[in-house]
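Participant: Let me begin by handing over the structure; questions about it come next.
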Amino acid sequence: MRGLDKKKAKNKTSLQFKLTLMFFFVMLVSASISVSVLVMVCSPVMKSNAEQQLVELSMAMDQLEEKGGFTVDEIVSIVNNSAYSLSVVDKNDSRVHDHFADIVHKGYYVSSEGVVPNATIISQVYDKFVIIDSFSSDSVYWVVNLVVIIAFMVCIVIGTIITAFMSRSIIQPIRDLSAAAAEIAKGNFKVRVREPSDPEYSILAQNFNKMAEELAGTETLRGDFISNVSHEFKTPLASIQGFAKLLQSDDITEQEREEYTQIIIDETSRLSKLSSNILRLTKLENQKTVGKKTRFSLDEQIRKILLVLEPEWSKKKIDLDIDLEDIMYVGSEELMAQIWQNIINNAIKFTPEGGKISVKLFRNEKNISAEIWDNGPSIAPDVKAKIFDKFYQGDRSRATEGNGLGLALVKRIIELSEGSIEVENDMKKGGVCFRISLPYLIEDMM
């Protein structure tokens with residue numbers, strides 16, 4: 001089978017050869033049509049010119065006849081040249097007999113036929129008749145036609161050779177693209193192709209490079225996901241494995257059994273959230289834009305998030321201070337919801353029972369600003385420096401309540417939205433305040 005495939009590959013005609021062959025046939029057909037049209041257009045002029053030359057030759061013989069002193073053979077010898085074919089016949093010749101009346105009336109009979117006219121004249125000299133044919137083997141017309149045909153063929157051959165060389169450079173981008181595609185198939189997603197100046201090839205090269213970049217991003221996403229999962233899954237998996245072994249023991253109490261079971265359930269839930277967040281964050285890190293954008297109410301979105309989280313803040317009897325300005329925003333509604341979900345949920349987690357949370361949304365001349373404040377414990381400088389890092393948890397006592405990916409997700413989404421986020425301790429009221437700034441266009445808000 002492999003030998004057969006190789007044979008088929010050898011029998012395939014290259015694109016360069018096809019382009020050269022196509023040019024040859026196009027030139028051949030074009031030359032044939034051009035010559036045919038040229039001959040058809042010039043044929044009436046050539047016919048008139050050929051007949052006129054023979055008529056003038058006949059008149060010259062008549063003048064020599066009128067002067068006298070010349071025989072028929074001498075007159076023929078005087079006017080004869082290599083451009084014409086002359087022959088002397090008598091009245092019994094069929095050609096003379098067929099046009100005798102015209103010869104007697106005008107002194108000659110002239111006719112021409114063919115696309116490239118071949119003129120013939122029958123003229124009377126004394127009692128003889130001279131037949132002159134405008135085309136002889138040495139006629140200039142034959143030489144000119146032959147030169148024209150040879151010139152056209154030479155032009156076709158030279159043009160074909162030039163095309164063969166030029167087509168190599170024309171199809172070179174396709175060869176480069178083919179070689180790059182082969183590298184992609186081998187798993188080398190770093191390969192890129194040069195973008196030619198030709199618009200068609202340039203667009204093709206750009207799309208190929210984008211495809212390679214996306215494939216590289218997908219490969220990176222897969223690698224990062226596997227790496228992060230293998231690192232972060234060790235602790236909960238070890239916990240699940242340990243408590244599962246304890247459940248196999250016959251000497252544990254029912255209360256302990258329920259406790260161990262609940263721990264396994266909690267750790268399983270934590271693993272599920274962890275895998276989802278890792279995948280989401282890794283995907284965002286490999287994105288260049290936020291994707292599909294829609295126009296939606298930002299303040300209404302925050303209110304809905306607060307209602308969704310109502311069980312959490314109600315359970316801790318947290319007092320909410322909400323001040324939201326009516327603002328329409330153009331962006332990814334799904335990603336923006338993750339920002340408010342994570343930050344507000346984070347504030348609820350660190351706010352003490354009976355504490356306070358303030359959520360404000362307003363706009364100025366350039367930006368949309370959001371401030372989410374809680375009266376929880378202040379953030380230490382070393383924790384503040386790493387708070388947006390992946391898997392970082394400043395308060396290890398609350399490690400089971402999160403996975404250290406929420407704020408990393410928030411920061412990446414805001415970066416994609418061309419905004420900024422900062423966190424600082426409130427020196428006046430105490431607690432911690434997250435400040436988010438998002439750009440906007442005035443027409444988007446109307």
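Participant: Would you check the accessible area of residue 422, probe 1.4 Å, heavy atoms only, in square angstrom rounded to 10?
Facilitator: 100 Å²
Participant: Now, a different point. Over region 30-89, with every protein chain in place, what whole percent of the accessible area is carbon and sulfur at 1.4 Å, could you tell me? It would help to have the intermediate numbers written out before the result.
Facilitator: Working: 2090 of 3650 Å².
Here it works out to 57 percent.
Participant: Taking amide hydrogens as modeled 1.01 Å from N in the peptide plane, which residues meet the under 5 Å criterion relative to residue 378, leaving out close sequence neighbours?
Facilitator: 431
Participant: Picking from 332, 320, 381, whose Cα lies most toward the positive end of the charge dipole for region 312-384 (charges on Cβ: Lys, Arg +1; Asp, Glu -1)?
Facilitator: With unit charges placed on the Cβ atoms, the residue in question is 381.
Participant: How far apart, in nm, are two points set 7 Å out from the Cα along the Cα-to-Cβ line at residue 385 and at residue 78?
Facilitator: 12.3 nm
Participant: Between residue 105 and residue 268, what length comes free when the chain is fully extended (0.36 nm per residue of separation minus the Cα-Cα distance, one decimal in nm)?
Facilitator: 46.4 nm
Participant: For residue 197 and residue 289, what is the calculated FRET efficiency with R₀ set at 25 Å and r taken between the beta-carbons, to the nearest 0.05?
Facilitator: E(calc), rounded to 0.05, equals 0.35.
Participant: Once the whole set of protein chains is in place, how much accessible area is left on residue 99, using a 1.4 Å probe, in Å² to the nearest 10?
Facilitator: Accessible area of residue 99: about 50 Å².
Participant: Can you compute the label reach from residue 422? Point 7 Å from Cα along the Cβ direction, backbone N cut-off under 18 Å, restricted to region 358-375.
Facilitator: Flagged as within label range: 360-374.
Participant: Applying 1/(1 + (r/R0)^6) with R0 = 22 Å to the Cβ-Cβ distance of residue 207 and residue 166, what FRET efficiency is obtained, to the nearest 0.05?
Facilitator: That gives a FRET efficiency of 0.30.
Participant: Moving to a separate point now. Extension gain residue 328-residue 244, at 0.36 nm per residue separation less the Cα-Cα distance, in nm? Working shown, then result.
Facilitator: On the way: separation 84, 0.36 × 84 = 30.24 nm, distance 5.11 nm.
Stretched fully, the residue 328-residue 244 segment lengthens by 25.1 nm.
Participant: Which FRET efficiency, nearest 0.05, do residue 45 and residue 174 yield, Cβ-Cβ r, R0 51 Å?
Facilitator: Working: r = 49 Å, r/R0 = 0.97.
Given R0 = 51 Å and the Cβ-Cβ separation, E is 0.55.
Participant: Take the solvent-accessible surface of the protein heavy atoms, probe 1.4 Å, and return the percent of it on region 246-349 that carbon and sulfur atoms account for.
Facilitator: Percent of accessible area from carbon and sulfur atoms in region 246-349: 48.
Participant: Then there's this: Can you give me the distance in nm between label points at residue 65 and residue 353, each placed 7 Å from the Cα along the Cα-to-Cβ direction?
Facilitator: About 14.4 nm separates the two model spin labels.
The values are calculated or read from the model by the stated rules, or taken from the named source; none is laboratory data. Worth saying up front: this structure is predicted, and the values here are computed from it rather than measured. All Cβ positions, even for glycine, are placed from backbone atoms using ideal geometry, and neighbour counts span all protein chains on display. Remember, those area values only see protein heavy atoms, side chains included, never the ligands or the DNA or RNA. Shrake-Rupley method; radii C 1.70, N 1.55, O 1.52, S 1.80 Å.
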